[in-house]
Amino acid sequence: MIKAVLAEDMVILREALTKTLSLAPDISVVGTCDSGHAVVDCAAEAGAEIAILDVRLPGMSGFEAAQQVRDKLPG
């Protein structure tokens, strides 16, 4: 099972993406966030293997968050 975190600031999109990902038999959404800063901590705490990020997030962009998530995740 692949552990994923999802960052999307629009609630309706975050819920839709989470629901869609839950249909995949090999993906488990272990955290959802509404900002770039939150997803960095969430990914590390949840032991996420992938992060699905909106490009435009409050606080920091999805690109900046991806770099920080990458630096915090093992491997």
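In the range 1-65, what percent of the accessible surface is made up of carbon and sulfur (1.4 Å probe, ligands and nucleic acids excluded)? Write down the numbers at each step before the final one.
Values: 2240 of 3760 Å².
The C+S portion of the solvent-accessible surface of the range 1-65 is 59 percent.
Near Leu57: Cβ cut-off under 12 Å, other residues only, Lys/Arg at +1 and Asp/Glu at -1. The net charge is -3.
Restricting to DSSP loop positions (anything but H, G, I, E, B) with no more than 13 other Cβ atoms inside 10 Å of their own Cβ, which trypsin sites (Lys or Arg not before Pro) remain in the chain?
Working: sites: Lys3, Arg14, Lys19, Arg56, Arg70, Lys72; in loops: Arg56.
When the trypsin sites (Lys or Arg not before Pro) of the chain are filtered for loop state and at most 13 Cβ neighbours within 10 Å, Arg56 remain.
Does the chain classify as rounded, prolate or oblate by the C-alpha gyration tensor (a ≥ b ≥ c root eigenvalues; a/c under 1.5 gives rounded; else a/b over b/c gives prolate, otherwise oblate)? Because a/c hits 1.5 or more and a/b fails to exceed b/c, the chain counts as oblate.
At a probe radius of 1.4 angstrom, the accessible area of the chain per residue rounds to 62 square angstrom. With r defined as the distance between the Cβ atoms of Arg70 and Lys3 and R0 fixed at 22 Å, what FRET efficiency is calculated, to the nearest 0.05? So, using R0 = 22 Å, E works out to roughly 0.90. Ser28 sits among other residues whose Cβ lies under 14 Å from its own Cβ, and their net charge, with Lys and Arg +1 and Asp and Glu -1, is 0.
Tally Lys/Arg at +1 and Asp/Glu at -1 over every other residue whose Cβ is under 12 Å from the Cβ of Gly47; what's the total?
0
Highest GNM mean-square fluctuation among Gly36, Gly47, Gly62, for the chain modelled with Cα contacts below 10 Å: Gly47.
The values are calculated or read from the model by the stated rules, or taken from the named source; none is laboratory data. This is a predicted model, so every value here is computed, not measured. All Cβ positions, glycine included, derive from the backbone under ideal geometry; neighbour counts span all protein chains shown. Just the protein is used for accessible areas: all its heavy atoms, side chains included, with ligands, DNA and RNA removed. Shrake-Rupley method; radii C 1.70, N 1.55, O 1.52, S 1.80 Å.
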